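What follows is calculated from the coordinates using simple rules that are stated; it is not laboratory data. Remember, predicted model here, so these are calculated numbers, not experimental data. Note that we place each Cβ from the backbone using ideal geometry, even for glycine, and neighbour counts take in every protein chain shown.
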Amino acid sequence: MSESETTSMVNSPTSNSEFSYDLQLFIVSNDSASEQASKNIKNICKKHLSTNYNLQVTDIKQDSSSVIKNGILVTPTLKVVITPKDGPSMKPITIIGTLTNTERVLRALLINGF
């Protein structure tokens, strides 16, 4: 996986258009937990966030300065900044792990119905 990978997906019928999302996933290449987290967050974004997000996947082996800059202690770690369409950004959210509990991730992302 490259040092940094940015992804944006197209419309989804279950998206939450009240917010925009900046997501940064910190991983270690060739690590099964990191690979699972990357797969899971991409699926969640594709299915639930429409075009209202920016996802950056950062391999800390390739970008070690990001560990200190972002306070990363373990991988995989997802950092999220949610911005309401009509207001300032909310306090950043940090989620650690493989992101397999989709319902919990969606609740953290303030997705309606979760």
Next on the checklist: Run the helix sum for the chain: -39,500 (n - 2.57) per DSSP H stretch of 4+ residues, divided by residue count, reported at 222 nm to the nearest 500 deg cm²/dmol.
Outcome noted: -7500 deg cm²/dmol
Checklist entry - What's the tally of Lys pairs in the chain whose alpha-carbon atoms lie under 26 angstrom apart, where the two lysines are 8 or more places apart or on different chains? => result 21
Checklist entry - Among the DSSP beta bridges whose two residues both lie in the chain, what percent are antiparallel, rounded to the nearest 5? => result 70 percent
Next on the checklist: With angles folded into 0 to 90 degrees, how steeply does helix 32-48 sit against the dominant principal axis of the chain? Use alpha carbons for both and round to 10.
Outcome noted: 20 degrees
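Taking a ≥ b ≥ c as the square roots of the Cα gyration tensor eigenvalues, with a/c under 1.5 meaning rounded and otherwise prolate when a/b beats b/c, else oblate, which class fits the range 67-114?
Oblate, since a/c reaches 1.5 and b/c is not below a/b.
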Checklist entry - For LYS85 and ARG107, what does the FRET efficiency come to when R0 = 22 Å and r is the distance between their Cβ atoms, rounded to the nearest 0.05? => result 0.65
